[in-house]
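The values are calculated or read from the model by the stated rules, or taken from the named source; none is laboratory data. In this text, all values refer to a predicted model and were calculated from it rather than measured experimentally. Cβ sites come from the backbone with ideal geometry, for glycine too, and all protein chains shown count toward neighbours.
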Amino acid sequence: MPFSLTAEALEAADAEDDPGSLAAATRLRARFGPELAAAAASQVELRRLARAKFGDMANRMFFTRGGLEQASRPEVADYHAHRLAAEGVRRVVDFGCGIGADAMAFARAGLKVIAVELDPTTAAAATANLVGMAEVVCADAEVVAEQLLRTSDGVFCDPARRTSSGRVWRVEDFTPAWSFVLQLLDRIQPAAVKLGPALPHRLIPADVDAEWVSHRGDTVEVCLWGGPTSSGVRSAMILPDHRLVVPSQLPRLPVSDPKGYIYEPDGAVIRAGGIAMLGDSLNAALLDPSIAYLTSDQLTPTPYGTAFAIERVLPYDLKGMRSWVREADIGILEIKKRGLDVDPAQLRRQLRPSGPASATLILTRTPDGAKAIVAKRVGPGTPGGRVLMSD
């Protein structure tokens, strides 16, 4: 795919309601020829998808589909850059730069950047996105690493976790190789490695800091930090500025029936192993020893989870839940579940919500068995309510 697209071709493709349609393709080919028309239509489609992640920046960027999927959100990339800068990094090598989202953030933070990408098409997109901001090298990171690392004082790596067949899950299938990633983390210089948030804890070296990052409610990554200041800390970072450090010795939480409130910990807190620490700070108990729901009689503001006021606790029974939906005139129904084998979409169809009211139904195990908890999302200052038990 060429990235020397003309502004005219891109503008014409963007004027189409559906650039990927046959009618649009016919019109674009007639004006620009088949190759340029296809490239322009593809870029416009990707830019429209990218707006959810990049906002208006997407209109000035170039993408590949895989590069867009793996690219860091701008706010997350800025966090990477500011943390590297705080470590004293001034010249960073970005291995596996993709379309250049993190490299752009490094440049915005005033760092000198060399961005390395193995795939030629993705490297071409990065080159177009990083004009005047960074040098892009299309090469195998493992081949050029020794040379480039001599001229840097920090390194960032985002191993490719997608192939032509789709997403890969095993670290053995990453590019660059997992052994190369571990070598980067073992360097004296600061190093950051961005990975998927489901990375097993057992794969994280003991002396490397691991930080699970959430942005706007989504747990987007775990970033491993190596170098002179790393000491094996595990933490959850809720952007922009809330960080929960998880101690090695955690408090033991009691287990309780539902009280006045349920807290659903943020995904980063769960991944970092910080549920007990969060629960202790909220004076909360677990609904089940192995489920990430907390319950408390108090409403305590926290950036590390979502609070729900419990309105009613129903038996986990289809007939009873359907009666409640009908009697309460529920039409908008959010269903959350943990620890129970249920398909929320199928259950919603079975419950037939059709009224004007809205509610959240939390399905979970409790000390008294499986329950369906009717709840409302709440914020700081919401008055407590009485819990109604239905048998």
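Within region 73-94, track down each residue that is part of a helix (DSSP H, G or I), out of contact with any His (no Cβ under 7 Å at 6 or more places or on another chain) and surrounded by fewer than 21 Cβ atoms within 10 Å (Cβ to Cβ).
Step one: of region 73-94, the residues part of a helix (DSSP H, G or I) are 74-86.
With the extra rule that they be out of contact with any His (no Cβ under 7 Å at 6 or more places or on another chain), the set shrinks to 74, 77-86.
Hits for region 73-94 are PRO74, ASP78, HIS82, ARG83, ALA85, ALA86.
With the structure loaded, tell me whether ALA40 is outside the structural domain of ALA115 (by TED's automatic domain parsing) and buried (at least 24 other Cβ atoms within 10 Å of the Cβ) or whether it fails that test.
Yes, satisfied.
Within region 248-271, can one find any residue that is part of a strand (DSSP E or B), touching a strand residue (DSSP E or B) at 6+ places or on another chain (Cβ under 7 Å), closer than 22 Å to TRP212 by Cβ and of a type in the set (Val, Ile, Thr)?
yes
Would you be able to say whether some residue in region 44-66 is surrounded by fewer than 18 Cβ atoms within 10 Å (Cβ to Cβ), among the aromatic types (Phe, Trp, Tyr) and farther than 25 Å from PHE180 by Cα?
No, region 44-66 contains no residue that is surrounded by fewer than 18 Cβ atoms within 10 Å (Cβ to Cβ), among the aromatic types (Phe, Trp, Tyr) and farther than 25 Å from PHE180 by Cα.
Which one is surrounded by the most Cβ atoms within 10 Å (Cβ to Cβ) among residues in region 182-197 that are without any contact (Cβ under 8 Å) to a residue 40 or more places away in the chain and not in a loop (DSSP other than H, G, I, E, B)?
Once the filter is applied, the top-ranked residue is ALA191.
More than 24 Å from ILE188 (Cα to Cα) and either surrounded by 24 or more Cβ atoms within 10 Å (Cβ to Cβ) or over 19 Å from the mean Cα position of the chain (by Cα) (or both): is that true of ASP119 in this structure? Show your work before the answer.
Details: more than 24 Å from ILE188 (Cα to Cα): yes; either surrounded by 24 or more Cβ atoms within 10 Å (Cβ to Cβ) or over 19 Å from the mean Cα position of the chain (by Cα) (or both): yes.
Against the criterion (more than 24 Å from ILE188 (Cα to Cα) and either surrounded by 24 or more Cβ atoms within 10 Å (Cβ to Cβ) or over 19 Å from the mean Cα position of the chain (by Cα) (or both)), ASP119 qualifies.
For region 299-319, check the following and say yes or no: at least one residue is in a helix (DSSP H, G or I) and surrounded by fewer than 14 Cβ atoms within 10 Å (Cβ to Cβ).
Within region 299-319, the subset in a helix (DSSP H, G or I) is 318-319.
This time we only want the ones that are surrounded by fewer than 14 Cβ atoms within 10 Å (Cβ to Cβ), so: 318-319.
Within region 299-319, one or more residues are in a helix (DSSP H, G or I) and surrounded by fewer than 14 Cβ atoms within 10 Å (Cβ to Cβ).
Here's the yes/no breakdown for (1) surrounded by 16 or more Cβ atoms within 10 Å (Cβ to Cβ); (2) assigned to a strand (DSSP E or B); (3) free of Cβ contacts under 8 Å to residues at least 60 places away in the same chain:
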{"position": "VAL325", "(1), (2), (3)": "yes, no, yes"}
{"position": "GLY331", "(1), (2), (3)": "no, yes, yes"}
{"position": "GLU334", "(1), (2), (3)": "no, yes, yes"}
{"position": "GLY355", "(1), (2), (3)": "no, no, yes"}
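Is there any pair linking a residue in region 153-175 that is in a helix (DSSP H, G or I) to one that is modelled with pLDDT of 90 or more, with Cβ under 8 Å and at least six apart or on different chains, and which?
VAL171/TRP178; VAL171/VAL181; VAL171/LEU199; VAL171/LEU203; GLU172/TRP178
Is it the case that region 218-241 has a residue that's in contact with a strand residue (DSSP E or B) (Cβ under 8 Å, 6 or more places away or on another chain), assigned to a loop (DSSP other than H, G, I, E, B) and of a type in the set (A, V, I, L, M, F, W, C)?
Yes, there is a match, as at least one residue in region 218-241 is in contact with a strand residue (DSSP E or B) (Cβ under 8 Å, 6 or more places away or on another chain), assigned to a loop (DSSP other than H, G, I, E, B) and of a type in the set (A, V, I, L, M, F, W, C).
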